[in-house]
Each structure stands twice: as structure tokens, then as C-alpha cells.
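Taking it in order: structure first as C-alpha cells, then the write-up.
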Amino acid sequence: MKIAIFTDTFHPDINGVARTLNQFTNYLDDHNICYKVFAPISPIDDYVSDQIRHFKSYPFFLYPECRLAFPNIFKMKAELQNFSPDIIHVATPFNIGMCGVYLSRKLNIPLVGSYHTDFNYYLKFYHLTFLSSILWKYMKWFHKPFEKLFVPSHETLTQLNRHGFRNLEIWPGGVDCQLFHPFYDKNKARDRHGITKKYLLTYVGRVAPEKDVNTLLAIAKKLPSHINEQIQWCVVGDGPLKEELQKNAPSNMMFTGFLTGEALAELYAASDLFVFPSPTETFGNVVIEALASGTPVIGANSGGVKNIVKPGVTGYLCEPGNVEEFIKRIILLLEQNELRTQLGIEGRSYALTQDWDQIFTRLLSQYSDLVEEPAKKKYA
């Protein structure tokens, strides 16, 4: 099988879409499956590959990690014809994604897509809710031609069903449990970052309005002083609110910028709790990474996170934006060591069931069904 992937963000961009697609292409490489990625060039990437076709681009204001590219559609068509894929997978609803939809029709190639980002929820945090109806009309129109639209969680599937989307299938996220695990030397990560406090509480993600980092800041400031003096907060990531957050952060909150690979995995494993107030996740890659690392999660009861965290088993879910509820759960787990340890064990056990190879094997099986369907009809 030959697969063409059209996406407006790709490795080494640091976001859920890019990371999921990178895992997918790594799987395809390992199984000698032919693919070609059409994606914007990343400002932080100088990697050249015959399997990736890059285009000049500019950042999209609502989500700078997704970039608006302006490819020559005729050259793109010629390149796609030369590659001759069996199926096209569109991962984003911007310019590159639009090209994928257009070319699937033009060249009569089966089309599937994946829905990764709840842009409608983002509007709330950018004071643009008046655009909600327009956005939903566009998203429904854009995804209408897809023979399958893969979504990362039951919560997202329910939401899209409610808005009249069709041909929906669950494509859950997985986690690399060989990279993310609880068996790192915790003192190594603590020493690297100069952490001397008894407890380490971590947030990983974009430092941006849609992640509700203001709630994170409020939690850190309102914890009782006798608890707070024992805590080191660590914010991993970057984004438009980082400078403002740093300016207003308490003295026990540190900022590392982006971390990847073992440096990130070690910090997860060294953390006592993972605190994640974002209500906009369609899945929650960082949440399952924390669980794989044996770290209990206290997250917002919203989006895909509520499908990953099992309250009282792998962590707790709080009403989005409810600072007092987050504080209550943090205090509970810091004061009950045995409960915190048990939640970490259960989180790791759950993560071990979310194997990328099984997830991608099932996806390829669904691809094959679509590719073979016209032949079945022809000879029926």
C-alpha cells in the first residue's frame, strides 16, 4: 500500500498532530510501507527526505504550530501522480489539507482524514466565539467528502455526531512506553533542574490561552502556604503566554521551555503529580505520557482527557477552571502517599494497553477495506 499524507504541521513541530503523524510514519518506515508527506516547511527543521515534500509557509494566528502554506497545485498534482498512492490521508483543515481533498477528487483516490483539534473551543479563549457557527459550517463542509474521518476519543466522536459529521471512526492515541516509563533515576532529573523541594508538580504543553494556563497559575498561587512551601512547579513548553506567566508566577514555579525525548521522559517520571487544566484536548498526548511514566494526573473533566483519566484509579478530573477543586485533589494526593503511588501504578498499567503498533495496524486494515471496496463492488 502507498499512502499520501497531507498535513499543515509535521515533525519536528511540537504539538499533538505532528507527534502522532511522526509516530505513524516511523511505523510505516519500520514496516517498509511506502508513503509521502506533503507538509509546510518548519522554521526549526533542516531535515531533507525524499518521503517529505515541504512548502514555504506562514503561521496561523489561532494555532501557530499549524502553518499556512501556498503550494503550486499543478506541481503538487504531478508529484502525487508520480507517487500514485492508494489512499490520501488529510490531517488538518488548512491549505495543505485542502489540496489533499481537491487532489483526491481530481485523481479519484480514496480519501480519509483525522480530526485532531477542537478549534471551536479555542475561540472562547481568543474572544472569537461569534465565529463559532461559521467555523462549524466550514469544518462540516471540509470533512464532508471523507470516506472515513478518524477521531481520537469518544468525546470528540459524540461532539462531531451532534454537529452532523458522518463516517466517523475512533483512532485513539497511543504512547511509547519504552521511552515514557517510571524507572528513570528521579534524582538525575531533579539535579539537572535544581529541584530541592519535597514535591514536584509538572505541566507539559503549549503555554497559550486555550490550555487555560491562567487556571494553572491561580492554583499555584492559592495553595495553602504549608503545602506550597513543599512544592516545586515545573512548566514545560512555550507559547504566547509564557512571558506573561513567568512575570506573574510565584517563586516556586520554573519554566524549562520545550523538552523532548529522555529529558522530557525523566521529568515526567520524577514528578509527583501531573496537573493539566486544559479543557480543549481532543485526546491528550501529554496526559497518557504522564500516566505511562507512573505519574497520576489531575486534569480538566473535558474533551479527550476525560476518556483517559479514570477518577480515583489513575488520577482525578476537575471541573474546567475550578481552581478550588484542583487544589482539593492536589492536597489529597500529596497527603496520601499510598494512594498517589497506587494511582501511578494503575496509570502505567493503562498506558501499557495503548500500544502504537496495534493502533496503526488497525488503521491500515481500515485503509485496506476502503481501497478494496471499489473492486468488491465492481466484481459483485
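In table form, for the structure just shown:
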{"read-out": "Other-chain or far-sequence residues with amide H under 5 Å of C234's (modelled H)", "value": "L201, T202, Y203, M254"}
{"read-out": "Relative contact order computed over the chain (Cα-Cα under 8 Å; 6+ residues apart), in percent", "value": "14"}
{"read-out": "Spherically averaged projected area in nm², based on the convex hull that wraps the Cα atoms of region 216-364", "value": "9.2"}
{"read-out": "Shape metrics for region 193-253, restricted to C-alpha atoms - Rg then Dmax, Å", "value": "11.3, 32"}
{"read-out": "Positive-end extreme of charge dipole, region 247-336 - chosen from A265, L317, V287 (charges on Cβ)", "value": "L317"}
{"read-out": "Within a Gaussian network of the chain (alpha carbon springs, distance under 10 Å), most fluctuating of L241, L68, L352", "value": "L241"}
{"read-out": "Cross-link pairs K198/K310; K56/K247; K106/K137; K75/K124; K56/K306; K188/K221 - those with Cα-Cα distance over 32 Å", "value": "K56/K247; K75/K124; K56/K306"}
{"read-out": "Protein accessible area in region 250-334, 1.4 Å probe - carbon and sulfur %", "value": "46"}
{"read-out": "Percentage relative contact order, region 233-312, counting C-alpha pairs under 8 Å, at least six apart", "value": "25"}
{"read-out": "Cα lying deepest toward the dipole's positive end in the chain, options N214, F183, S349, charges on Cβ", "value": "N214"}
{"read-out": "Region 17-164: relative contact order in percent, alpha carbon pairs under 8 Å with at least 6 residues between", "value": "16"}
{"read-out": "222 nm mean residue ellipticity, helices alone, for the chain (DSSP H n ≥ 4; -39,500 (n - 2.57); rounded to 500)", "value": "-13500 deg cm²/dmol"}
{"read-out": "DSSP loop chymotrypsin sites (Phe, Trp or Tyr not before Pro) with at most 11 other Cβ within 10 Å: longest gap in the chain", "value": "184-378"}
{"read-out": "Kirkwood-type radius of the chain, with distances r between different C-alpha atoms, in Å", "value": "21.7"}
{"read-out": "Cα-centre dipole for the chain with unit charges at Cβ (Lys and Arg positive, Asp and Glu negative), debye to 20", "value": "1020"}
{"read-out": "Cβ-based charge dipole, region 235-380, positive-most Cα from I359, G239, L370", "value": "L370"}
{"read-out": "Kirkwood Rh, angstrom, region 72-212 [1 / mean 1/r, Cα pairs]", "value": "18.5"}
{"read-out": "HN-Hα J in Hz across region 92-100 - Karplus 6.51, -1.76, 1.60, θ = phi - 60°, x for Gly and Pro", "value": "9, x, 10, 4, 5, x, 4, 4, x"}
{"read-out": "Dipole magnitude (debye, nearest 20) for region 201-339, charges at Cβ of Lys, Arg, Asp, Glu", "value": "220"}
{"read-out": "Antiparallel DSSP beta bridges within the chain, percent to nearest 5", "value": "10"}
{"read-out": "Solvent-accessible area per residue for the chain (1.4 angstrom probe, square angstrom)", "value": "45"}
{"read-out": "Region 280-345 - convex hull of the alpha-carbon atoms, volume per residue in Å³", "value": "67"}
{"read-out": "Dipole magnitude (debye, nearest 20) for region 128-231, charges at Cβ of Lys, Arg, Asp, Glu", "value": "220"}
{"read-out": "³J(HN,Hα) computed for each position of region 146-152 - Karplus, 6.51 cos²θ - 1.76 cosθ + 1.60, integer Hz, glycine/proline x", "value": "5, 6, 9, 10, 8, 10, x"}
{"read-out": "Förster radius 30 Å - calculated FRET efficiency between H31 and E147, Cβ distance, rounded to 0.05", "value": "0.85"}
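The values are calculated or read from the model by the stated rules, or taken from the named source; none is laboratory data. None of the values given here were measured: they were computed from a predicted structure. As a convention, Cβ positions derive from the backbone with ideal geometry for all residues, glycine included, and neighbour counts pool all protein chains shown. The accessibility values were calculated without ligands, DNA or RNA, using every heavy atom of the protein model including side chains. Shrake-Rupley method; radii C 1.70, N 1.55, O 1.52, S 1.80 Å.
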